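As structure tokens, the structure follows; a few thoughts come after it.
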Amino acid sequence: MRTRLLPTSSPQTGRLGRVRRFAASCGAMVMLPILLASASGAAGQPRAAPAGAQQAPADPTEIARGAYLARAGDCEACHTAPGSPAFTGGLPLRSPLGAIYSTNITPDRDTGIGNYSFQDFEQALRTGRTPRHRLYPAMPYPSFARISEQDMHALYAFFMHGVTAVHRVPTRTSLAFPFDQRWAIALWNVAFLDSGVYQPDPAHDARWNRGAYLVQGLGHCGACHTPRGIAYEERGYTQKSSRYLTGGINDNWLAPNLDGDRATGLGDWSEADIAGFLKTGHASRRMVFGPMGQVVSDSMRYLDDVDLASIATYLKSLAPRASRGSFRPATQDRATQSWLATGDLRVPGAGLYNNFCAKCHQPDGLGAVDKAPALARSAVARAIDPDSVIHIILSGGKPNRVPGAPVVDPMPSFARQFDDREIAEVASFVRRSWGNNAPPVTTRQVEQIRTATAAEKQ
């Protein structure tokens, strides 16, 4: 069940908000073990389930429903290491504290969750407490707490009867003291966890409520798209928070703002654009990249059209709250005007863009439908945080291969061709051209992302 960790070496880690209410509950030092983590192994064995707890005949319809919900929750992605059977864990999730490995969640009784009663399973998803240990809050149980009782039973049926039991002990997580002290997570829960099941809002219709339920709960969109505080708490779990879904930094990528801001959010997207993007990774001149590509491939594309439309309806209802960039639709800076009118490549970054980028993204930055995304009017390009722009120039991007999606060429990596100054210049050019209005990129920012992404590949 997926979430993404904070940057391994990102310059954005210093921007985390301050913890509220926490100092009064348990003191700042107690929170150190919880800054970064994910569901990981620990010593001990699960307690035996009540006799017959998992022996009752499984309803095929219930199992199928649970499989659909597990797709919505993107459970397989984090609990499956490359080359290993599904759900057997062992996928390393990087953190500043070291590698954190996901667990085996197949119904194997010795190495998985086969001995979990329904109550054990429910408690793990709602409060992060398992018979073995407490889960670190990077496992998005604050979101999964909103899952309805009916859906929780369906998920349990799927994992107990629809998943193949595999005896496999994944690599254990071993964090240094004091980060290995899981008892402190109970205090974190007191400070930040709201374990209440989602309650429909009578002010909105069924479609909106279905979208809110999926986004806030199983979809756990806030795990990436909401900024985190210093104790790794999401700065809001519903639209009632001014920070909810306003963008966050994860693994040196910017998960962009999803509210209605026209500059950096979804203000210029239609509901059909959003639903289509989640289904195929494409929407007009927009294309998925970075970690969101796997979310589309492994999770969102399996949702039915009604659920995708409901998600789109909910997201489009979010008013602009925290713009982190701007767009000047009728203006361009003089340097860009000069380059577009005369081809003057003396503008910093213009020569590199012209030689390496313009063939696909076009001189006017509008890209090509189903071939290359637009950089003009790009919410990611004009966001305050340049992480994603830097990251994709350094690392490149593979096309999203899903049924119904156009076949496009991959974007090459320029990490070896461009030095830090050149990447800073071309990134700044993109962020200041065609009406985009975002701060320039520094060589220091490029150096930090380059170092972090190189470490991820080791």
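The values are calculated or read from the model by the stated rules, or taken from the named source; none is laboratory data. Predicted model, so just to flag it, every value in this text is computed and none were measured. Every residue, glycine as well, gets a Cβ built from its backbone with ideal geometry; the counts of neighbours run over all protein chains shown.
Quick look at the numbers
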{"item": "Tally, over segment 440-454, of residues that are of a type outside the set (Val, Ile, Thr) and in contact with a helix residue (DSSP H, G or I) (Cβ under 7 Å, 6 or more places away or on another chain)", "result": "5"}
{"item": "Filter result for the condition that a residue is in contact with a strand residue (DSSP E or B) (Cβ under 7 Å, 6 or more places away or on another chain) and closer than 21 Å to Gly351 by Cα, over Ala415, Ala438, Ala424", "result": "Ala438"}
{"item": "Long-range neighbours under 6 Å by Cβ, at least six apart or interchain, first residue farther than 15 Å from Asp305 by Cα and at pLDDT below 90 within segment 256-283, second surrounded by fewer than 24 Cβ atoms within 10 Å (Cβ to Cβ) and among the acidic types (Asp, Glu)", "result": "Arg262/Asp268; Ala283/Asp273"}
{"item": "Residue check for Phe429: closer than 14 Å to Thr453 by Cβ and touching a helix residue (DSSP H, G or I) at 6+ places or on another chain (Cβ under 7 Å)", "result": "no"}
{"item": "Hey, Val407 in contact with a Pro (Cβ under 8 Å, 6 or more places away or on another chain) and surrounded by 15 or more Cβ atoms within 10 Å (Cβ to Cβ) or not", "result": "no"}
{"item": "Count of residues meeting criterion [buried (at least 20 other Cβ atoms within 10 Å of the Cβ) and among the aromatic types (Phe, Trp, Tyr)] in segment 63-100", "result": "1"}
{"item": "Residues (within 18 Å of Gln448 (Cβ to Cβ) and either surrounded by fewer than 18 Cβ atoms within 10 Å (Cβ to Cβ) or not aliphatic (A, V, I, L, M) (or both)) located in segment 370-404", "result": "Ile384, Asp385, Pro386, Asp387, Ser388, His391, Ser395"}
{"item": "Top-ranked residue of segment 433-447 - restricted to ones that are outside any loop (DSSP other than H, G, I, E, B) and among the polar types (S, T, N, Q), ranked as surrounded by the fewest Cβ atoms within 10 Å (Cβ to Cβ)", "result": "Thr443"}
{"item": "Top-ranked residue in segment 211-252 [being in contact with a helix residue (DSSP H, G or I) (Cβ under 7 Å, 6 or more places away or on another chain) and of a type in the set (Phe, Trp, Tyr); ranked as nearest to Pro137 (Cα to Cα)]", "result": "Tyr232"}
{"item": "Qualifying residue in segment 344-365 (condition: surrounded by fewer than 20 Cβ atoms within 10 Å (Cβ to Cβ) and touching a His at 6+ places or on another chain (Cβ under 9 Å))", "result": "no"}
{"item": "Total residues in segment 321-368, condition modelled with pLDDT of 90 or more and either assigned by TED's automatic domain parsing to the domain that holds Leu254 or among the hydroxyl-bearing types (Ser, Thr, Tyr) (or both)", "result": "1"}
{"item": "Thr238, sole failed condition from (1) in contact (Cβ under 8 Å) with a residue 40 or more places away in the chain; (2) surrounded by fewer than 18 Cβ atoms within 10 Å (Cβ to Cβ); (3) hydroxyl-bearing (Ser, Thr, Tyr)", "result": "(1)"}
{"item": "Selected residue [buried (at least 22 other Cβ atoms within 10 Å of the Cβ) and closer than 26 Å to Ala72 by Cα] from Arg228, Arg168, Arg207", "result": "Arg228"}
{"item": "Enumerated helices (runs of 4 or more DSSP H) restricted to segment 134-252, each holding at least 1 residues that are over 17 Å from the mean Cα position of the chain (by Cα)", "result": "149-161, 184-192, 206-216"}
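To keep it simple, each residue is scored yes or no on (1) under 28 Å from Pro92 (Cβ atoms); (2) assigned by TED's automatic domain parsing to the domain that holds Tyr302.
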| site | (1), (2) |
| --- | --- |
| Gly162 | yes, no |
| Val166 | yes, no |
| Pro178 | yes, no |
| Gln199 | no, no |
| Leu218 | yes, yes |
| Cys221 | yes, yes |
